[in-house]
Amino acid sequence: MISYEPLWKTMKNKGISSYRLLQMGIDNHTLQRLRDNDNITMITAEKLCTLLNCTIEDIVEFINDDSLR
């Protein structure tokens, strides 16, 4: 399972709100996908990393769900 929990922690640590991401070019639909832990493109992930000056590990994590096997 993909989780964007690290994104919200990174944003909090950097003092960046969802509203600020909207101002920086991340659209509302994408923010909702992030809130819902839905898929985003790698282009969007790259844009988030650039805007937040962070690495991919700072915005997303993979949670191994053994129950899916």
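For LYS47, the aspartates and glutamates whose Cα falls under 18 Å of its own Cα, not counting residues fewer than eight places away in the same chain, are GLU5, ASP27, ASP38, GLU57, ASP58, GLU61. The residue among CYS54, LEU22, ASN39 whose Cα reaches farthest toward the positive pole of the charge dipole of the chain, with charges on the beta-carbon of Lys, Arg, Asp and Glu, is LEU22.
Could you compute the net charge surrounding CYS49? Neighbours are other residues with a C-beta less than 15 Å from the C-beta of CYS49; K and R count +1, D and E count -1.
Net local charge, CYS49 excluded: -1.
Rounded to the nearest Hz, the phi-derived 3J(HN,Hα) couplings of region 38-47 under the Karplus curve 6.51 cos²θ - 1.76 cosθ + 1.60 (θ = phi - 60°) are 8, 5, 10, 7, 5, 4, 5, 4, 4, 4, where x marks glycine and proline.
Taking Cα centre as origin and charging only the Cβ of basic (Lys, Arg, +1) and acidic (Asp, Glu, -1) residues, the dipole magnitude of the chain rounds to 320 debye. Within the set of other residues whose C-beta is less than 14 Å from the C-beta of LEU22, count the net charge using Lys and Arg as +1 and Asp and Glu as -1. Around LEU22, the surrounding residues sum to +3.
Each reported figure results from applying straightforward, stated rules to the coordinates on display, with no laboratory input. For clarity, every value in this text was computed on a predicted model and none was experimentally measured. So basically every Cβ, Gly included, is an ideal-geometry build from the backbone, and we count neighbours across all protein chains shown.
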